[in-house]
Amino acid sequence: MSDFDDPSRNSSRQRRISGMAVSLAATILGLASVPGITVAAELPAFMQPIAGTTTTTPTEAATQNVLALNTAMFSLYGEAGRIFQKNILAQHPVILGLFSGTGGRFILYRPGMAPLEAPSVPIAYQLLKSVGHSTMALAEVVGPYLENPANQAWRGAMLAYRSRMQSALDTLDATELPADWRATSRGILAANVAFMGGCLERGAISMADLQGFANMQALGLTKVIAWAAETQVAHWMSVIAGWKAMLGPEWDKTYAASNTIYVARQNNVLFSVLAQFFGPEAMNSRLLLIETVSFTTTPQDMLESLTRIIADRSVGALFFGNYYLMDYELMGGNARNAILAEDAKRGMTPFLPPAVPFGSHQWPTLITPGAGPSSLADLH
């Protein structure tokens, strides 16, 4: 039997070879630490295009180590947030009011029960909204081509849209709209078809024609907008009234949140309906308006936002002794003082909103009165 066939001798040989490798590595490392001696490792050819000497200063390394703490915080917060959300839903009813093209969604979460989604707003709301949007959309279609008869790029889109408009007009009587609402909608759609037909026949779109069309449609649009709002509000008022009665004493520990984008933040319909049942004392404490960058968002995203707000309040109370502090930009007070100081240096007049106390119950939208119209009714 050769040495290579003897397992015990093979094991011994492998230990000697491993020992020599460790000794050699230690020698190389030792040499590398001696000033003036550089050990160059030969890289295979396939690694050479992407390999290179990387240098990091102590300051850069230290900076990255500290910044990594903030990055890690988000991961830790995400893990904790899932537990916080479970705990909140186990103890408190939660109502979410979400914007949608169908007049909104309301979802009720009750401890230990499956989520309850409210019925949709009656279809009349969507029909009226579609009539109004179709009319104002014409300004978007023709806007880029005003007073430019040489450019006929709009004709294809106009022909297609007029065909859809005519189909809607031809079948309008079969929709579920009250007679007077249907009559007004018919007049609007007919005027839309006539305006588009005139533009196509002339082969041009003038500002005078567009303004005349808009002036003619304004009164009808005002009516369908009002009817749509009445339909939406009446429906959701009934839903929330029913939920409040169903929850009974649990209502006093119920949280509610609605989402909004910039244009919908003022007089937000869903939030305003909720406010009628929650009252002033719940504003910004149990009733929250959450700003988003898109019209729609998911219920889970809303729950995560609500969870973070509630959880941050406990953190603020723990560190600073105020439960609502974290509802505000933490550096906001210091930044405000810094802005005042910088304004003084530059001889500028400060332009800042009034300082409000943490836990303010004022509306989270524009509340300062001023001159000028504040509704379509004021305009007419």
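Before moving on, here are some points about what is shown:
- For F278, the test of being buried (at least 17 other Cβ atoms within 10 Å of the Cβ) and under 28 Å from the mean Cα position of the chain (by Cα) is passed.
- Only one of K253, K244 that is in contact with a Lys or Arg (Cβ under 9 Å, 6 or more places away or on another chain), more than 30 Å from W181 (Cα to Cα) and surrounded by fewer than 18 Cβ atoms within 10 Å (Cβ to Cβ): K253
- Close pairs (7 angstrom Cβ cut-off, 6 or more residues apart or separate chains): in a loop (DSSP other than H, G, I, E, B) in the range 46-61, surrounded by 10 or more Cβ atoms within 10 Å (Cβ to Cβ) and not charged (D, E, K, R) anywhere: A51/L43
- The listed residue being surrounded by fewer than 17 Cβ atoms within 10 Å (Cβ to Cβ), aliphatic (A, V, I, L, M) and within 23 Å of the chain's Cα centre (by Cα), out of V269, V273, V263: V263
- Residue pairs whose Cβ atoms lie under 9 Å apart, sitting 6 or more positions apart in sequence or on different chains, and linking a residue in the range 320-331 that is under 18 Å from T307 (Cα atoms) to a partner that is in a helix (DSSP H, G or I) and of a type in the set (S, T, N, Q), are Y323/S314; M326/S314.
- All positions within the range 100-145 that are of a type outside the set (A, V, I, L, M) and under 15 Å from I188 (Cβ atoms): K129, S130, G132, H133, S134, T135
- Among the candidates A90, A68, A72, residue that is over 26 Å from S294 (Cα atoms) and in contact with a Pro (Cβ under 6 Å, 6 or more places away or on another chain): A90
Each reported figure results from applying straightforward, stated rules to the coordinates on display, with no laboratory input. Just so we're clear, the structure is a prediction, and the values are computed from it rather than from any experiment. So basically every Cβ, Gly included, is an ideal-geometry build from the backbone, and we count neighbours across all protein chains shown.
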